[in-house]
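The values are calculated or read from the model by the stated rules, or taken from the named source; none is laboratory data. None of these values were measured; they are calculated from a predicted model. Here Cβ is always computed from backbone atoms with ideal geometry, including for glycine, and neighbour counts include all displayed protein chains. Surface areas here come from the heavy atoms of the whole protein model, side chains and all, with no ligands, DNA or RNA. Shrake-Rupley method; radii C 1.70, N 1.55, O 1.52, S 1.80 Å.
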Amino acid sequence: MLTGRLRDLEAKGVLWRRVMPTSPPSVEYGLTDLGTEFQPAIAAIVAIGHKLKQRQAAHVQSGDMAVAAS
């Protein structure tokens, strides 16, 4: 599944793929110029994920405090 997704992104020009002449063979991937244009969007998604995680932690903590007070 991952290989299929990576090959699709390569075909769309989002990343490049290089097969390394090692034993066993290994593959290296990197972002193309087009791929780097996704970085601000990915950073925004990560930031929102951190905010959601903080809210969840605060919610759990406030719930623990209510249980401890009873």
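Side notes on the structure shown:
- Relative contact order (percent, whole number), the chain, Cα cutoff 8 Å, 6+ residue spacing: 19
- Rounded tilt (10° steps) of 39-69 against the dominant C-alpha axis of the chain: 30
- Estimated from the Cβ-Cβ distance and a Förster radius of 35 angstrom, the FRET efficiency linking Glu37 and Ala57 is about 0.60.
- Karplus-derived HN-Hα couplings along the stretch 24-31 (A = 6.51, B = -1.76, C = 1.60, θ = phi - 60°), whole Hz, x at Gly and Pro: x, x, 10, 10, 10, 10, x, 7
- Heavy-atom accessible area order for His50, His59, largest first, 1.4 Å probe: His59, His50
- Its Kirkwood hydrodynamic radius, worked out from the mean inverse distance over all distinct Cα pairs, puts the chain at 15.7 Å.
- Per residue, in Å², the accessible surface of the chain once ligands and nucleic acids are set aside, probe 1.4 Å: 86
- Filtered GluC sites (Glu not before Pro), the chain: DSSP coil and at most 11 other beta carbons within 10 Å: Glu37
- Calculated FRET efficiency for the pair Ala44/Arg7, C-beta based, R₀ 25 Å, to 0.05: 0.40
- The chain - charge dipole about Cα centre, Lys and Arg +1 at Cβ, Asp and Glu -1, debye rounded to 20: 100
- HN-Hα J in Hz across the stretch 10-16 - Karplus 6.51, -1.76, 1.60, θ = phi - 60°, x for Gly and Pro: 5, 5, 7, x, 7, 9, 10
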